[in-house]
Amino acid sequence: MATVLESLIVPRASTLPASLTISPIAASSVSSFSARRLPRFGGLRARPSFATRSFGSVSPIPSSGSRIARRGGLVVCEAQDTAVEVAAVTDANWQSLVLDSEFPVLVEFWAPWCGPCRMIHPIIDELAKQYAGKLKCYKVNTDESPSVATRYGIRSIPTVIIFRNGEKKDAVIGAVPKSTLTTSIEKFL
């Protein structure tokens, strides 16, 4: 598309016959497009080669009258620094991580093909961050660890179970709001 605009010749409003009128907005926008190239899109990636910028920091634009020749920016996601990874539990480590824990434990039973499970994942991540040091949060893939799901009678997912001292204390079935899970957690802290 940039090539087409480069070869397009658009007369200025001053060179048109007097009988033909063009609105000032249309004339100025067309002539300004013919005089410059459209910016190229280089993708969304962070490039550490900028001399004045570093990852996660913002540098002020120089106040001198010079015009910046290159348009672009540094795209960095800082969410990984604050995210809490909810660990997966399997049949092999269920006893040591959940039943023998000195803290209350929240366990989410889920499967990769389950839409409501994907909706509740961010909520579980938020709760893990919010209750860090007071509550342990884990997730169990019911396709990979069916014996744990069968032992606790998991018939629908997502199901969130809270354990304390190795005993099942509460269960919440379905994709529920964060407030519902928070109320359930607060009972056992």
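The values are calculated or read from the model by the stated rules, or taken from the named source; none is laboratory data. This one's a predicted model, so the numbers in the text were calculated from it and none came from an experiment. Positions of Cβ are backbone-derived with ideal geometry, glycine not excepted, and every protein chain shown enters the neighbour counts. Calculation scope for accessible area: heavy atoms of the full protein, side chains included, ligands and nucleic acids excluded. Shrake-Rupley method; radii C 1.70, N 1.55, O 1.52, S 1.80 Å.
Given a 1.4 Å probe and the protein chains as shown, SER147 ends up with an accessible area of around 60 Å². Distances between placed amide hydrogens fall under 5 Å for ASP170 paired with ILE162, all partners being 5 or more residues away or on another chain. Close amide H pairs (under 5 Å, H built 1.01 Å from N) link SER145 with no residue at least 5 positions away or on another chain.
Nearest 0.05, what FRET efficiency do ARG164 and GLU126 give at R0 = 25 Å with Cβ-Cβ as r? Intermediate results must be reported in sequence, preceding the final value.
Details: r = 21 Å, r/R0 = 0.84.
Calculated transfer efficiency: 0.75.
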